[in-house]
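Notes for the one structure printed next.
The values are calculated or read from the model by the stated rules, or taken from the named source; none is laboratory data. What you see is a predicted model, and the numbers here were worked out from it, not measured in a lab. Cβ placement follows ideal geometry from the backbone for every residue including glycine, while neighbour counts extend to all protein chains displayed. For the accessible areas, the whole protein counts, side chains as well, though only heavy atoms, and no ligand, DNA or RNA atoms are used. Shrake-Rupley method; radii C 1.70, N 1.55, O 1.52, S 1.80 Å.
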Amino acid sequence: PTIFYYSGRILDPEFAVSSTVGTASVTNNMKPFDFTKEHSVGIIMYTADELGISKGIIDTISLYVHTAGSGQIPVRLYLKNDTTFVANGYPNLTPVLVNQLYQNNWNNLTNGATLIVDGLFEFDQPGWYSFVIPGGFQYTGNSLLLMTEHHGKNTTLGYSAPVFRSTNVPSVPNSTYNKRIVYYSTDNDFNPALGTMSQGTVRFNTKFGVS
């Protein structure tokens with residue numbers, strides 16, 4: 001007899017879904033990247049309500065290139081399920097919490113995260129730029145952190161940086177608990193013990209492919 005084995009994933013595209021966070025067209029944003037500096041790191045939070053999915057395997061993540069660049073840029077991306085960045089019961093990502101919980105240390109922050117992208121990329125066409133995640137990332141239904149990292153600025157490596165289409169961070173439930181992005185950049189030698197991170201007010205329009 002023929003025996004079929006279930007792999008634990010449904011690969012039929014009819015069962016695949018996507019979740020897009022951000023639909024506006026703020027067009028002057030590169031943050032949390034800062035390609036004018038030698039090194040930059042950052043964190044973007046997406047809440048469970050914003051993602052609108054209970055759980056699943058994220059197969060792709062896409063950013064919308066508004067203004068194309070040229071030349072190859074070294075980029076690392078991580079994903080991490082999170083329940084730590086909370087203030088008064090609301091998901092909240094602030095420099096103060098980064099310091100309190102992780103001592104502004106990039107190694108501490110990326111501990112437990114999954115490195116999903118690590119290479120040289122050329123964002124030379126406008127539109128959605130998709131990263132396929134080898135093996136997928138298991139999203140558990142809590143807040144999701146997208147962690148960004150780059151090393152080598154535009155004038156050093158000779159690339160022209162892209163601009164990503166973004167959306168202002170929503171003001172709900174109120175302006176105290178709507179913090180969703182932090183970032184840090186430097187021209188000094190990179191040290192995982194970061195200085196104080198800055199608070200951002202806009203986030204990349206981001207699409208997640210989930211199966």
* To do: Go through segment 23-65 and give me each residue that's in contact with a strand residue (DSSP E or B) (Cβ under 8 Å, 6 or more places away or on another chain), surrounded by fewer than 20 Cβ atoms within 10 Å (Cβ to Cβ) and in a helix (DSSP H, G or I).
  => Ala48, Glu50
* Structure fact -> Subset of segment 66-105, residues open to solvent by less than 30 Å² (accessible area, probe 1.4 Å) and part of a loop (DSSP other than H, G, I, E, B), comes to Gly69, Gly71, Phe85, Asn92, Leu93, Thr94, Asn104
* **Criterion: aliphatic (A, V, I, L, M) and modelled with pLDDT under 95 - qualifying residue of Ala113, Ala87** => Ala87
* Asked: Of the residues that make up segment 106-127, is at least one among the polar types (S, T, N, Q), open to solvent by less than 60 Å² (accessible area, probe 1.4 Å) and within 25 Å of Asn191 (Cα to Cα)?
  -> yes
* Selection within segment 191-211 - exposed (fewer than 15 other Cβ atoms within 10 Å of the Cβ) and in a loop (DSSP other than H, G, I, E, B) -> Asn191, Pro192, Gly195, Thr196, Thr201
* Asked: Which of the residues belonging to segment 147-182 are over 17 Å from Ser198 (Cβ atoms), open to solvent by less than 10 Å² (accessible area, probe 1.4 Å) and in a strand (DSSP E or B)?
  -> Phe164
* Being assigned to a strand (DSSP E or B), modelled with pLDDT under 95 and within 17 Å of Ile58 (Cα to Cα) narrows it down to one of Gly135, Gly141, so name that one. => Gly135
